Amino acid sequence: PEMDAIPRPELFDFNGISMIKVFTANWENIQNFQARPDDILIATYPKAGTTWVSNILDLLYFGQREKAIPIYERVPFMEISLAGFDSGTDFLDKLPTSPRLIKTHLPVQFVPKSFWEQKSRIVYIARNAKDNVVSYFHFDRMNKGHPEPGDWSSYLQRFKQGKMVFGSWYDHVNNWWKKKQTYSSLHYMFFEDMVEDTGREIDKLCSFLGLTPSVEEKTRIVGEVHFDKMKNDEMANYSKIPVFDFKVSPFMRKGKVGDWKNHFTVAQNEEFDEDYKTKMNEPTLQFRTEI
Ligand code: A3P
C-alpha cells in the first residue's frame with residue numbers, strides 16, 4: 001500500500017539517453033569519480049546478468065567474506081543516488097575492501113574518464129535483445145522506482161526506440177563492443193554462454209583477471225551461483241528492497257535463454273527481427289536467442 005503512494009518517475013532525455021533522476025542527480029560526482037587501477041567495473045545493460053556476475057566476482061575475490069551483506073553493498077551501484085541514502089559514489093569512496101567491485105549500467109560514453117586513465121579492468125555482460133526486453137519488462141512491472149511499463153506490446157515498441165531507463169539496448173551493446181577494440185582491459189561476456197556452461201565462463205573470467213582458483217574453489221563457486229541457490233539467497237535476491245514488489249514478479253525470475261518465446265507473438269517477432277537488422281551495426285557481435 002505504501003509503495004503505491006509513491007508516484008513512478010518519468011523518463012527524460014539526458015544527453016541523448018533516456019534516464020530517470022536517481023541516475024543523473026549525482027552526475028558531477030559520477031563524472032569526477034576517482035577510479036583505481038585495481039577497481040573492477042561490472043558494466044551491463046539492465047537485466048543482462050549483472051547480479052549473477054557480481055556474485056561470481058565477489059566469491060572469487062572475497063569468498064570467505066561476511067555473508068550477511070547484501071549484493072548491492074558488496075558491489076555498489078555507481079550512478080545511483082536516492083534521497084536518504086549514501087550515493088553510489090559516496091559509498092564507493094568509503095568502501096574499505098579492495099579491489100572494489102563496481103556496478104554500472106552506463107552507456108560506454110558516460111563512464112567516468114578515470115577508469116580509462118587508470119586502466120581499470122572492466123567486465124561487460126550482454127544478453128540477447130529478446131530475452132533482455134522480456135526480463136526488463138517484468139522488472140519494470142515490479143520495480144516501482146522505474147517508469148510504468150504499460151502493456152507488453154507498447155513496452156516492446158519503446159524498447160526498440162530506446163525509450164528505456166539507460167537508453168537503447170542496441171547502442172549499449174554495440175558501443176561497448178566497439179570499445180573492446182581499443183581498450184584491452186575489457187572482457188565482454190554473454191549471458192547465454194553463462195547459462196550454457198557457467199564453469200567455462202568462470203575460467204575465462206579468471207584468466208582475464210589473472211586469478212587461479214583451485215578446482216574445489218571453482219566447483220564451490222559454480223554451486224553457489226546456480227540460479228536456484230541465488231533465488232533463495234536473501235543477500236543476492238534483492239528481497240529487502242522496499243520499492244520492489246515481489247508479489248508482481250521476483251527479481252530472480254527464470255534465469256533462462258529463450259523465455260522470449262512465451263512473450264513475443266509471431267508478428268512481433270518478425271517485426272522485431274526486421275528492425276534489429278537496421279540497428280545492429282557490428283557484424284562481429286552475434287547473439288544467440290536459444291542454446
Ligand atoms: P530473468 O528475468 O530472465 O529471469 P540483472 O542482474 O542484470 O538485473 O539480471 C537479472 C536477470 O538475470 C534475471 O533474468 C535473473 O533471473 C537472471 N539471473 C540472475 N542470477 C542468475 C543465475 N544465477 N542464473 C541464471 N540467471 C540469473
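The values are calculated or read from the model by the stated rules, or taken from the named source; none is laboratory data. All values derive from a computational prediction rather than experimental measurement. Heads up, the Cβs are rebuilt from the backbone with ideal geometry, glycines too, and the neighbour counts pull from every protein chain shown. Note: accessible area is taken over every heavy atom of the protein model, side chains too, but ligands, DNA and RNA are not part of it. Shrake-Rupley method; radii C 1.70, N 1.55, O 1.52, S 1.80 Å.
Considering each of ILE42, ILE56 in turn, give the residue that is crowded, with 22+ Cβ neighbours inside 10 Å, part of a strand (DSSP E or B) and within 16 Å of the ligand (Cβ to nearest atom).
ILE42
Could you list, in sequence order, all residues of region 195-225 that are part of a loop (DSSP other than H, G, I, E, B) and without any contact (Cβ under 8 Å) to a residue 24 or more places away in the chain?
Of everything in region 195-225, those that are part of a loop (DSSP other than H, G, I, E, B) and without any contact (Cβ under 8 Å) to a residue 24 or more places away in the chain turn out to be ASP197, GLY210, THR212, SER214.
Tell me which of these THR24 doesn't satisfy, since it passes every other one: (1) open to solvent by less than 30 Å² (accessible area, probe 1.4 Å); (2) farther than 19 Å from SER120 by Cβ; (3) within 16 Å of the ligand (Cβ to nearest atom); (4) of a type in the set (Ser, Thr, Tyr).
(3)
Taking the criterion of being of a type in the set (S, T, N, Q), within 13 Å of the ligand (Cβ to nearest atom) and in contact (Cβ under 8 Å) with a residue 60 or more places away in the chain, would at least one residue in region 162-183 satisfy it?
The answer is no, given that none of the residues of region 162-183 is of a type in the set (S, T, N, Q), within 13 Å of the ligand (Cβ to nearest atom) and in contact (Cβ under 8 Å) with a residue 60 or more places away in the chain.
Of the residues in region 93-143, how many are assigned to a strand (DSSP E or B) and at positive phi?
Counting residues in region 93-143 that are assigned to a strand (DSSP E or B) and at positive phi gives 0.
Of the residues that make up region 229-239, is at least one among the basic types (Lys, Arg) and either out of contact with any Asp or Glu (no Cβ under 9 Å at 6 or more places or on another chain) or not in a loop (DSSP other than H, G, I, E, B) (or both)?
Scanning region 229-239 turns up at least one residue that is among the basic types (Lys, Arg) and either out of contact with any Asp or Glu (no Cβ under 9 Å at 6 or more places or on another chain) or not in a loop (DSSP other than H, G, I, E, B) (or both).
Name the residues in region 266-289 that are out of contact with any Lys or Arg (no Cβ under 9 Å at 6 or more places or on another chain) and within 16 Å of the ligand (Cβ to nearest atom), would you?
ARG288
Could you count how many residues in region 242-265 are within 19 Å of the chain's Cα centre (by Cα) and within 12 Å of the ligand (Cβ to nearest atom)?
Final tally of qualifying residues: 13.
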